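Here the structure is laid out as structure tokens; the discussion comes afterwards.
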Amino acid sequence: MAKKPYKVKVRFIFEGDFNINADNKEQAVEYVGKHCGLVIGGDIHTSLPDEVIPTWDFEVHPTKQIISVKRDRL
């Protein structure tokens, strides 16, 4: 019997904390929004100096959520 193609939508969630030195809560949120990220095959990174973000702590393995499964019509 021939196998059928399926499209499985998946979400990977990396959860952790950035320790940020900021003037206020809004600035801390802005710093993370504009200057912190993650690239698949890369690293968690920031463009801010160590004085602003001295440390961060993230899990190495993400939580995996299967969002949907649909027959793929090729």
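Throughout, read-outs are computed from the coordinates displayed, never taken from laboratory work. Everything quoted here is computed from the prediction, not taken from an experiment. Cβ sites come from the backbone with ideal geometry, for glycine too, and all protein chains shown count toward neighbours.
Data for the structure
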item: Sparse-neighbourhood loop sites, GluC sites (Glu not before Pro) in region 15-65 - DSSP loop, at most 12 other Cβ within 10 angstrom; result: Glu15, Glu51, Glu59
item: Fewest-first ranking of His45, His35, using other Cβ atoms within 10 Å as the exposure measure; result: His45, His35
item: Among Thr55, Ala28, Met1 the positive-end extreme of the charge dipole of the chain (Cβ point charges); result: Met1
item: J(HN,Hα) series, region 49-61, from Karplus relation 6.51 cos²θ - 1.76 cosθ + 1.60, nearest Hz, glycine and proline x; result: x, 4, 5, 8, 10, x, 8, 8, 9, 10, 5, 6, 10
item: Around Asp17: net Lys/Arg minus Asp/Glu count, Cβ-Cβ under 12 Å; result: -3
item: Within region 1-29: backbone nitrogen closer than 15 Å to the Ser68 label point (7 Å, Cα to C-beta); result: 6-11
item: Dimensionless Rg over Rh [region 6-71; C-alpha; Kirkwood]; result: 1.11
item: Nearest-ten-degree value, helix 25-35 long axis tilted from longest Cα axis of the chain; result: 60
